[in-house]
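*Asks:* Take a look at the following structure, please.
Nothing in this text is a laboratory measurement; each read-out follows from the coordinates by a stated rule. Computed from a prediction, not measured in an experiment: that's the story for all the values here. Methodologically, a virtual Cβ is constructed for each residue, glycine included, from the backbone with ideal geometry; neighbour enumeration extends over all protein chains shown.
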């Protein structure tokens, strides 16, 4: 914990008070560890603590949320609107990170986003940023779009960012400009499968 606090303190000192710093625990902590860390992170004005506990520990997230002023972000590892509903009804999160690829598509994604809106909870989707830009533009409670450049080697153009805001694609489709020759090059030599 002390090493993480030192790192976060260095980042805060480097960027100043006007930048939000987000932390992601990837479900690594026990409840007591998460509470202790959150108390230390509060002084650094952290934007959120993402997935601090196992995704199925709703009671733990509820207890953590009640013990800190830091927003608790969940959703990357949730696969059903009903899971999100339970988190929201119980007040166990402050940010919903619903993933269109994991929740079952656009319609369930929108259902979760609107459900979060009913609880006055922000949406910040997980991964597939190019596809999420247009979805975020469709709901009033979207606050951030995650930037993960992992797909850049497999697309012909990346997500457009203008003045710090993600801009939806004007092209038809999901907003992902797949580079099919690059994808086909990624297929193992001798594979009988080719993406077309």
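*Asks:* Connecting C-alpha atoms closer than 10 Å in a GNM of the chain, tell me which of 82, 49, 64 has the biggest fluctuation.
*Replies:* 82
*Asks:* Further question on the same structure: How far, in degrees from 0 to 90, does helix 31-42 lean away from the longest principal axis of the Cα atoms of the chain, to the nearest 10?
*Replies:* Between the helix axis and the principal axis of the chain, the angle is about 90 degrees.
*Asks:* Taking all pairs of distinct Cα atoms, average 1/r, flip it, and tell me the Kirkwood hydrodynamic radius of the stretch 91-196 in Å to one decimal place.
*Replies:* 15.1
*Asks:* Separate question: What distance in nm lies between label points placed 7 Å from Cα along the C-beta direction at residue 69 and residue 179?
*Replies:* Output for this residue pair reads 4.5 nm.
*Asks:* Using 7 Å Cα-to-Cβ label points, what is the residue 106/residue 153 separation (nm, one decimal)?
*Replies:* Roughly 3.0 nm, to one decimal.
*Asks:* Taking the Cα-to-Cβ direction at residue 77 and at residue 127 and moving 7 Å from each Cα, how far apart do the two end points lie in nm?
*Replies:* 1.3
*Asks:* If R0 is 41 Å, what FRET efficiency do you get for residue 30 and residue 172 from their C-beta distance, rounded to 0.05?
*Replies:* The value I calculate is 0.30.
*Asks:* Tell me the mean residue ellipticity at 222 nm calculated for the chain from its helices only (DSSP H runs of n ≥ 4, each -39500 (n - 2.57), averaged over every residue, nearest 500).
*Replies:* -12000 deg cm²/dmol
*Asks:* So how tilted is helix 81-90 from the main axis of the chain? Cα-based, degrees 0 to 90, rounded to 10.
*Replies:* Long axis of 81-90 versus the principal axis of the chain: about 20 degrees.
*Asks:* Hey, fewest Cβ within 10 Å first, where do 118, 93, 136 land in order?
*Replies:* 118, 136, 93
*Asks:* If you take every DSSP beta bridge whose two residues both sit in the stretch 55-196, what share of them, in percent to the nearest 5, is antiparallel?
*Replies:* About 50 percent, rounded to the nearest 5.
*Asks:* By how many degrees, between 0 and 90 and to the nearest 10, does the Cα long axis of helix 58-67 differ from the longest principal axis of the chain?
*Replies:* 50
*Asks:* Also, I was wondering about something else. Within a 10 angstrom radius of the beta carbon, how do 159, 1 rank from fewest other beta carbons to most?
*Replies:* 1, 159
*Asks:* Once Kirkwood radius over Cα pairs in Å is worked out from the coordinates, which option in (1) 18.2; (2) 17.4; (3) 18.8 does it equal?
*Replies:* (1)
*Asks:* Another question, if that's okay. Quick one: 127, 84, 19, fewest Cβ neighbours within 10 Å first, how do they rank?
*Replies:* 19, 127, 84
*Asks:* What number, in percent, do you get for the relative contact order of the chain if the mean sequence gap of Cα pairs under 8 Å and at least 6 apart is divided by its residue count?
*Replies:* 12
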